[in-house]
1. Specify which of the listed residues (Val166, Val177) is among the β-branched types (Val, Ile, Thr) and under 27 Å from Gly96 (Cα atoms).
2. Out of (1) surrounded by fewer than 18 Cβ atoms within 10 Å (Cβ to Cβ); (2) charged (D, E, K, R); (3) over 28 Å from Lys55 (Cα atoms), what's the single condition that is false for Glu155?
3. Which numbered condition trips up Ile46, out of (1) farther than 29 Å from Ile206 by Cα; (2) open to solvent by less than 50 Å² (accessible area, probe 1.4 Å); (3) touching a residue at least 40 places away in the same chain (Cβ under 8 Å)?
4. Any chance you could count how many residues in the stretch 77-99 are touching a helix residue (DSSP H, G or I) at 6+ places or on another chain (Cβ under 7 Å) and under 19 Å from Gly152 (Cα atoms)?
5. What helices (runs of 4 or more DSSP H) completely inside the stretch 111-210 contain at least 1 residues that are modelled with pLDDT of 95 or more, out of contact with any Leu (no Cβ under 8 Å at 6 or more places or on another chain) and not hydrophobic (A, V, I, L, M, F, W, C)?
6. Closer than 27 Å to Leu61 by Cβ and touching a residue at least 40 places away in the same chain (Cβ under 8 Å): does that describe Asp170?
7. Mind checking whether some residue in the stretch 55-73 is small (Gly, Ala, Ser) and in a loop (DSSP other than H, G, I, E, B)?
8. Show the residue pairs that are 6+ apart or on different chains and have beta-carbon atoms under 9 Å apart, the first residue being within the stretch 185-197 and surrounded by fewer than 10 Cβ atoms within 10 Å (Cβ to Cβ), the second being at pLDDT 90 or above.
Amino acid sequence: AEKFSWYENRPLAGKKILVTRPKELVSTLSEKLKDKGAEVLEIPTIRIVPIKDNKTLKNALHQIYQYQWLVFTSPSGVIVFFDAMREEKIDIRKLGTIKIAVIGEGTKKKVEEKGIFVDLMPERYDGKSLGDAIGKNCAEGENILIPRASIGNNEIMEEIVKNQQVKISDIPIYDTVYQKQKMIYLKKEFEQGTIDFTIFTSKSNIKGFV
């Protein structure tokens, strides 16, 4: 019994965790939680929809050589950006001289899956810290491309320009759509209070859940 009780001895054994990430990003997180012994309930509260016929993004891709920095604020932004590059037949080697900045580990992982190593990531994973780090590492007059969600705030840009005079192309590349989930199967869980943790990875996840 002692030898075969490895499952119960894992740190999250007996815990029930609700994960709200978009469906395309939920699997990795869920698997890690399961490996720790948790029972995982998945209910994506948002989904990512690339902006169709995005002429602004297409123009930026075909003039990618003019940028010195490429900034990603989410894993979803990385996915949509590189999908657009492939659709426009823009060779990934065009990014060779561009420095890549990301907001955190999850976004960094998505970039590295493309065979590209990240140049800059802040110690604290938020927009203000990312903008501050970029502003302190870029040079005056450089061009910065920020492809991100259409609902993004101006915090990153504000922090960048505090430190340096640069040209910023802030391009919306996807919309965040709130999912209308049938949560009836979770009603009992909520009523009985059997869910130990709920994981939110963004403001959008919280709003979609509510």
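The values are calculated or read from the model by the stated rules, or taken from the named source; none is laboratory data. All of these numbers come straight from a predicted model, not from anything done at the bench. FYI the Cβ positions are ideal-geometry reconstructions off the backbone, even for glycines, and counts take in every protein chain you see. Note: areas computed on protein heavy atoms with side chains; ligands, DNA, RNA excluded. Shrake-Rupley method; radii C 1.70, N 1.55, O 1.52, S 1.80 Å.
1. The match here is Val166.
2. It fails just one condition, (3).
3. Ile46 satisfies all of (1) farther than 29 Å from Ile206 by Cα; (2) open to solvent by less than 50 Å² (accessible area, probe 1.4 Å); (3) touching a residue at least 40 places away in the same chain (Cβ under 8 Å) except (1).
4. Final tally of qualifying residues: 2.
5. Correct list: 127-137.
6. No.
7. no
8. Between residues of the stretch 185-197 that are surrounded by fewer than 10 Cβ atoms within 10 Å (Cβ to Cβ) and residues that are at pLDDT 90 or above, the close pairs are Lys188/Thr194.
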